[in-house]
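Enquirer: To start, I am sharing the structure in question, which I have written as structure tokens.
The values are calculated or read from the model by the stated rules, or taken from the named source; none is laboratory data. If you're wondering where the values come from, they're calculated on a predicted model, not measured in any experiment. Cβ coordinates were reconstructed from backbone atoms using ideal geometry, including for glycine residues, and neighbour counts include every protein chain displayed.
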Protein chains: 2
Amino acid sequence: MNAPLTNELLHQHERRPVPPVMLQALRERFGERCSTVTAVREQHGRDESPFPVTPPDAVVYCLSTEEVAFVVSQASAHGVPVIPFGVGSSLEGHLLAVQGGVSIDLSRMDSVVRVNAEDLTVTVQAGVTREQLNREIKDMGLFFPIDPGANASLGGMAATRASGTNAVRYGTMRENVLGLTVVTASGEVIHTGTRAKKSSAGYDLTRLFVGSEGTLGVMTEVTLKLYPLPEAVSAAICHFPTIGGAVNATIQLIQMGVPIARCELLDANAVRAVNAQSKLGLRESPMLLMEFHGSEAGVKEQAETVQAIASDMGGENFEWASTPEERTRLWTARHKAYFAGMSTHPGCRTVTTDTCVPISRLAEILEASVDEADASGLPYYIVGHVGDGNFHLAYLVKEGDAEQRAVAERLSMQMVHRALALEGTCTGEHGIGLHKMGFLVDEAGAGAVAMMRDIKRALDPGNIMNPGKIFSI
Amino acid sequence: MNAPLTNELLHQHERRPVPPVMLQALRERFGERCSTVTAVREQHGRDESPFPVTPPDAVVYCLSTEEVAFVVSQASAHGVPVIPFGVGSSLEGHLLAVQGGVSIDLSRMDSVVRVNAEDLTVTVQAGVTREQLNREIKDMGLFFPIDPGANASLGGMAATRASGTNAVRYGTMRENVLGLTVVTASGEVIHTGTRAKKSSAGYDLTRLFVGSEGTLGVMTEVTLKLYPLPEAVSAAICHFPTIGGAVNATIQLIQMGVPIARCELLDANAVRAVNAQSKLGLRESPMLLMEFHGSEAGVKEQAETVQAIASDMGGENFEWASTPEERTRLWTARHKAYFAGMSTHPGCRTVTTDTCVPISRLAEILEASVDEADASGLPYYIVGHVGDGNFHLAYLVKEGDAEQRAVAERLSMQMVHRALALEGTCTGEHGIGLHKMGFLVDEAGAGAVAMMRDIKRALDPGNIMNPGKIFSI
């Protein structure tokens, strides 16, 4: 079993700094949009992981695919790393400039390029966030369901193969990206996919880039599937005396094929945290937060089925959130759970797990992980996209406390070990980044990782695209 | 615009025959399961395309992943092509041994390895057919929806990224393969994916192999998603005075988000053919054949919505197929449409198109293509997975009639040109094979195809895996 990557390994990389001639070229082209200011570099050299800040040498704010191509061409010519940056919400060290280089900030590429409402597709620049997209298409009666909690950029979500609360019904970025505009490692621009719903035309480059974490090229535009806003939406919460009860109810409703749109678990610690932050007055016991989409009758029918299952599994206080305001309040609380959990222990950062297992094994891994977390004495909380078999146990460790961090990393490793033994994955939606490189080998095997490396070497022979992530080369 | 590949181009390849020492090794290991009999080789050197038979030098019937690895290791050592073979139902020349070599027949790898009903997953050997799988899991209340019409092998379906009648609701092989066992070009065995529903663990090798048409490795086992048999199923047919009416009804129901399970178009020629073959007595006008899956109430609601839409679009004679027997009769007829269509013109083979466009452009491309087909004087018929924007126009050409073939190829090329202009794809589900290599460049662009080639070269440096397909190297 490989250990997770910890801080000291960050320093094993050789830096490949931006040479003066390249910096000069970037300054000439981008003016003030090329920055070497320390604060800007530091902001781009971190994410939500507990790794220390590891800044790039320069940050360039690009406005177009052509500008990205210019930066990458320069980087290619000078053998300098480039790291695509969206909003900085990733969790596994993806954005750290372990070999120096240029951070390409895509946040100003924030145009919704084209909505094709009649085809249920949209093309966006990579820096558009999911909340912005949903605001812009709401009046057309459409929505984009993928929702990882954070208001991430759609390029970043594609890069990490993100999913979140709606994935149980609508799939992940894997299922919802139709096509991409990509700047390759040599600075060329290619397009993958079409606006057709399906295709058998050659290798699935779209899905090769989705989840490639910036290591194969820079995605600058993303074409996505959209969905009609459901005729009816209702949400419900249900409390359970134990996590096992909540999970067993989930397992049963998934096995029955109930087309539930969202099925989220919060443990008592997470409920306590969101209560404290959002004054919700929820009962502080394990809880499912569910949402149903469909026709009026269909939603009612789903909810009745789920209520009956929940009741069988010891569920209590099944409550409806019938108004949009009440629903928004609950989902806002859910989305804030990550930061709410952190705020219960000021001065802490989280070590967050992301295992995903076949649905029938979910109770087993959750219960064992809770027992271990309780025994460790570390504070923690759990939120889970349990309908997918995916959950996050966030250990709270004091910033800079190496001993606590080591305990959390050991627990995380044990959980991954357990998930792999249950035929699951070390990461359902966060990606490998730096932190899980060892786990990837345990999960996929040396042969499959060698194949990934072969692909990387073929498409990025100079190893300039976000080097040091997913695997070392 | 590139032309489709026609017969003469088949002969531009240099053959790489199996050397005697390798044949000897295969015979020692496989005995009678290694055949060089002409009839066997010819059976393996063709598919349902109009290309002439191009047989391999030898056929090996493998029973296990290890046996496949042995054959590939031999081929790798001797620089000999290998071509994976399922049931031979592909349509684009995928199976032709254009450079000679060994056909690896996987049809005897026909075990359902493991059903995990509680997780809605199954692992099968690559030679299991979709009908066999559905027979074996029916009593567990489960089904596998992907249905390309032919009783194809699941390995072959993964290799061509197949879809078919249920894809409008359940997705294609792209969405329904969870993991693979693959023999790589060097004869190593790797596993991709896990049984978890989603994962962000490294490059999506699973989806790189799905649709790779045997050019990157041999898939020997496939792990698939399953679905609970719906509580209620109903089917309906509706006739329209014009194809445009049928398609516009489809467009509207897709745009409204009706979760229809199947939505198939048959033009008057196709209806005539299935009537003649299956004695159905259907009215010989354009027709939609639809199926609804869900709860009793949900199915009723969907069907009412669709009936109202169809009626608005000029639909007539909306009829229910309420009994399972009646449904089976209709779907059997639909599945036989390909051969029924051919049998209307004995001595003909088909040149079949497979364009897929954004749903709003479907009427436009269909109507223009019908006008062109009518003007050509060639007999033809149309069947379409119109809910996905995908349809097949099959031109019937006399076997060996070069002039008719040329007319059909020209019409096919015009249709692809039109589909690409409408932001669609040249192939929704059949793959590139030999026939559409030129179209792939038109669709994806030279840069994207160069990237596919780079991947191919990295994973198969000896170019032994089904060489000459998708692109020339």
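Enquirer: Looking only at segment A:27-50, count every residue that is under 19 Å from the mean Cα position of the chain (by Cα) and farther than 19 Å from A:PRO17 by Cα and tell me the total.
Expert: 4
Enquirer: Could I ask something else about it? Can you tell me which residues in segment B:55-75 are surrounded by 21 or more Cβ atoms within 10 Å (Cβ to Cβ) and among the polar types (S, T, N, Q)?
Expert: Hit for segment B:55-75 is B:GLN74, nothing else.
Enquirer: In addition: Which numbered condition in (1) under 30 Å from A:VAL441 (Cβ atoms); (2) at pLDDT 95 or above is the only one that A:VAL68 fails?
Expert: In the conditions (1) under 30 Å from A:VAL441 (Cβ atoms); (2) at pLDDT 95 or above, A:VAL68 misses (1) alone.
Enquirer: Would you check which residues across segment A:180-207 are at the interface with another protein chain (Cβ under 9 Å from one of its Cβ atoms) and of a type in the set (Gly, Ala, Ser) and list them?
Expert: Hits for segment A:180-207 are A:GLY193, A:ALA196, A:SER199, A:SER200, A:ALA201, A:GLY202.
Enquirer: Look through B:THR250, B:THR332 and report the one residue that is modelled with pLDDT of 95 or more, among the hydroxyl-bearing types (Ser, Thr, Tyr) and under 30 Å from B:PRO50 (Cβ atoms).
Expert: When all the criteria are applied, what remains is B:THR250.
Enquirer: Going by the conditions given, is A:ILE470 under 24 Å from A:VAL53 (Cβ atoms) and at the interface with chain B (Cβ under 7 Å from one of its Cβ atoms)?
Expert: yes
Enquirer: Collect the residues in segment A:403-438 that are of a type in the set (A, V, I, L, M, F, W, C) and assigned to a helix (DSSP H, G or I), keeping them in residue-number order.
Expert: Of everything in segment A:403-438, those that are of a type in the set (A, V, I, L, M, F, W, C) and assigned to a helix (DSSP H, G or I) turn out to be A:ALA406, A:VAL407, A:ALA408, A:LEU411, A:MET413, A:MET415, A:VAL416, A:ALA419, A:LEU420, A:ALA421, A:MET437.
Enquirer: Quickly run through segment B:319-362 and pick out the residues that are within 14 Å of another protein chain (Cβ to nearest Cβ) and within 23 Å of the chain's Cα centre (by Cα). Show your work before the answer.
Expert: Of the residues in segment B:319-362, the ones within 14 Å of another protein chain (Cβ to nearest Cβ) are B:352-362.
Across segment B:319-362, the qualifying residues are B:THR352, B:THR353, B:ASP354, B:THR355, B:CYS356, B:VAL357, B:PRO358, B:ILE359, B:ARG361, B:LEU362.
Enquirer: Looking at B:THR352 and the list (1) surrounded by fewer than 16 Cβ atoms within 10 Å (Cβ to Cβ); (2) at pLDDT below 95, which single condition is not satisfied?
Expert: With respect to (1) surrounded by fewer than 16 Cβ atoms within 10 Å (Cβ to Cβ); (2) at pLDDT below 95, B:THR352 is out only on (1).
Enquirer: Ok, one more. Would you confirm whether or not segment A:384-393 contains a residue that is away from chain B (no Cβ under 14 Å), on the phi < 0 side of the Ramachandran plot and more than 22 Å from the chain's Cα centre (by Cα)?
Expert: No.
Enquirer: Among the residues of segment B:119-133 satisfying the criterion of being of a type outside the set (A, V, I, L, M) and closer than 24 Å to B:VAL218 by Cβ, which is farthest from the other protein chains (Cβ to nearest Cβ)?
Expert: B:GLN132
Enquirer: Restricting to segment B:106-122, what's the tally of residues that are under 21 Å from B:GLN74 (Cβ atoms) and either surrounded by fewer than 24 Cβ atoms within 10 Å (Cβ to Cβ) or at pLDDT below 95 (or both)?
Expert: So the answer is 2.
Enquirer: While we're on this one: Given the residues A:LYS456, A:LYS398, which is the only one that is surrounded by fewer than 24 Cβ atoms within 10 Å (Cβ to Cβ), at pLDDT 95 or above, farther than 30 Å from A:VAL306 by Cα and basic (Lys, Arg)?
Expert: It is A:LYS456.
Enquirer: If you don't mind, another one. Would you be able to say whether some residue in segment A:439-453 is part of a strand (DSSP E or B) and within 20 Å of the chain's Cα centre (by Cα)?
Expert: So far as segment A:439-453 goes, no, none of its residues is part of a strand (DSSP E or B) and within 20 Å of the chain's Cα centre (by Cα).
Enquirer: Moving on to the next point. Could you tell me whether A:ILE365 is in the same structural domain as A:LEU289 (by TED's automatic domain parsing), touching a residue at least 60 places away in the same chain (Cβ under 8 Å) and either over 15 Å from the mean Cα position of the chain (by Cα) or surrounded by fewer than 24 Cβ atoms within 10 Å (Cβ to Cβ) (or both)?
Expert: So A:ILE365 fails the test.
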